1. Please give the per residue accessible area of segment 215-284, computed with a probe of 1.4 Å over protein heavy atoms only, in Å².
2. Full-extension gain between ILE257 and CYS20, please, as 0.36 nm times their residue separation minus the C-alpha to C-alpha distance.
3. Sequence-distant or interchain residues sharing an amide H contact under 5 Å with ASN553, placed H: which?
4. From the backbone phi of segment 18-30, what are the Karplus-calculated ³J(HN,Hα) couplings (6.51 cos²θ - 1.76 cosθ + 1.60, θ = phi - 60°) in whole Hz, Gly and Pro given as x?
5. If you plug each phi of segment 296-309 into the Karplus form 6.51 cos²θ - 1.76 cosθ + 1.60 with θ = phi - 60°, what whole-Hz ³J(HN,Hα) values come out, in order, with x for Gly and Pro?
6. Among the lysines, which have Cα under 23 Å from the Cα of LYS517 when same-chain residues fewer than 8 positions away are ignored?
7. Between VAL188 and HIS544, what's the calculated FRET efficiency when r is the beta-carbon distance and R0 is 45 Å? Round to 0.05.
8. Run the dipole for the chain about the Cα centre, Lys and Arg Cβ at +1, Asp and Glu Cβ at -1, nothing else charged, and hand back the magnitude in debye, nearest 20.
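The values are calculated or read from the model by the stated rules, or taken from the named source; none is laboratory data. A quick note: this is a predicted structure, and the numbers were derived from the prediction, not measured. Please note: Cβ atoms are built from the backbone with ideal geometry, for glycine as well, and neighbour counts cover all protein chains shown. We work out accessible area using only protein heavy atoms, side chains counted, and drop any ligands, DNA or RNA first. Shrake-Rupley method; radii C 1.70, N 1.55, O 1.52, S 1.80 Å.
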Amino acid sequence: MISIYKYVLRLLLFWLCVLCVNRIIFLVATLHFVEGASYSEIAYSLVSGFRLDLSTVSYFVIIPFLFAFIYSTTQARFWVKLSHAISYFLIVANNLVSFGEISLYQEWHTKVNIQALLHLLNPEEVIKYTPWGLVLLFLIPMVLFTFLYIKAYRKVVKPFLITTNTPGITKKLANTLLYLPLAVMLFVFVRGGFQRFPLSESDAIYSKHQPLNDAAVNSVRYLTKDIIEYNHNMNSNPHRHMDGEKARAILKDMYSIPRDTTEIILTTQRPNIVMIVLESWSANLSAAFGGDNFTPFFDSLANEGIKFTNFFPAGYVSDQGFPAILSSYPSSFKISVINQPKKIPSLPCITDDIKKAGYYNTFVYAGDLNFGNFKAYVYDKDFDVVKQEIDFDKALLRGSLGIHDQPMAPEITAILNQSPSPFFACWYTLSSHAPYDFPHPENIQGASEYEQSVHYTDEALRMFFNKVKNESWYDNTLFVLVADHSHASRKNFDLVNKEYHRIPMAFFGNALKSEWKKKEIKYAFSHLDITPTLLKQLGLNAEHYTWGKDMFNPTVPHFAYYCYYYGAGMVTDSVYVSLHRELDDPLDYKGKTPEEIAKLTEQLKAFQQVFYDDFLAR
């Protein structure tokens, strides 16, 4: 029995060494793509990718482990041979991917993915357009290291797959039970530990230099996930409702603007911008937005500034909200563009545009940025500073998701005080996300945990604004406060109802012109419109944000698209429809005439179809 433990542990160590060697080779081969990185930052890819490697090699070990177990109970040598054959196959497959990636990276600057594999379906094209230098760069190390790894496996792993015969049912049962600790260990390694969220590729991302992140992310795991995602989500458009030309024509008409102009609401063209993204806030909890009175301080800000009372999120989870807010990019049911690593670089982002205008960009989330694959997104965009939970004092009050919002208020203030003007800073709150383990300084009678958590964050906002209102940069600052998505409330709106999805959004600050203070915007807008609006106020080009609109252009059409788990909705100032993805007719709607409802339903279908085509093409 001891030999099986030695075999599994040696097999794990063998694979970890293989992946480490391959990563070093990748780093050496791509070092010329990395400029400005220190040697310690380059070397850290070996550390950053370890947990992902351990999870991956545990998958590699599972099948040989299973065959070893069968062999231990049957004593049939066939299972030993099959176990070794699987390992040999994995060595070859791993090296094909790893060294193919080194070659591919020289031209594509990307990891091996499904797109690269699809090119192999046309071998004549591959042979024709692939330089011999890259072919040799792939073949020579692949053959050499495959030979070395197989030789090493035969010496340090293969001899230890030996078990003794265990006759009798009792002894066989005892033998089976002795395998359980190894099975549990492999399960924990596969999952990546006991943390709240299973390990993901973004756990390995650590650098602003993409080649270093690509080195840290395990190649076989990345490719496997890419193939699975392609088969599930990337294969075809689930929103194919009409002819493509017709859908594009409808969308073009929806976004038609008679005059490209805007009303300037700011006292300066280069204000500081502080964006506070409020986790899971529903408009139904804010009195200023027609809801209950759980956010009195936020309401006071909204009432003094510009409040958007018919505002909607683009999606239903945070990883859909952020690309909508910062990149003006929609989502659809079950998909988020930032969970598709190869699509992230194709997204525009407000930070990319304002950086060119001299802005200093900061992103702060007091939790784990691997949540929702945010790390991959924010590290790809032009943020000068990115901070998460591990970057703050360990003494700060924490919950299961990270540092709570109230102790973060002075931390955010300190970060802003150190930022050169003009700056853009995004603070993503977290205390109003389940499991709501925030401290309860006061227990609001009859309020749910969610409602109390929103009130807790509202008090964090009060603390923050009390601290910053006397800072030198305050008077030249526009504050943008918006929820990332909505949440169920005591009003019990059905998921198909637009009121379920409505969220609070407000502009506030002394950078607003006096005539624009204490204003209410009742027109239908969404996350997609925030970035184009801000860029227009700064006098910058926003044409590449094709899914958004300038909310202060008096000629702009008023509509908002949102999606939820099994459908989507479209809202205008007077009409709305909510459509289930499996149905042709809307589940919920409001309009004066059947013709209005039919027209908006067709517009929603066209929007989904054209968007998903764009998503697939990225």
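1. Using a 1.4 Å probe on heavy atoms only, each residue of segment 215-284 averages 47 Å².
2. Roughly 79.8 nm would be gained on extension.
3. Result for ASN553 returns GLU263.
4. Along segment 18-30, the couplings run 4, 5, 5, 4, 4, 5, 4, 4, 4, 4, 4, 6, 10 Hz.
5. The phi angles translate into x, 6, 4, 4, 5, 5, 4, 5, 8, x, 10, 10, 9, 9 Hz.
6. LYS307, LYS467, LYS469, LYS536, LYS549
7. Efficiency, rounded to the nearest 0.05: 0.50.
8. My answer is approximately 2340 debye.
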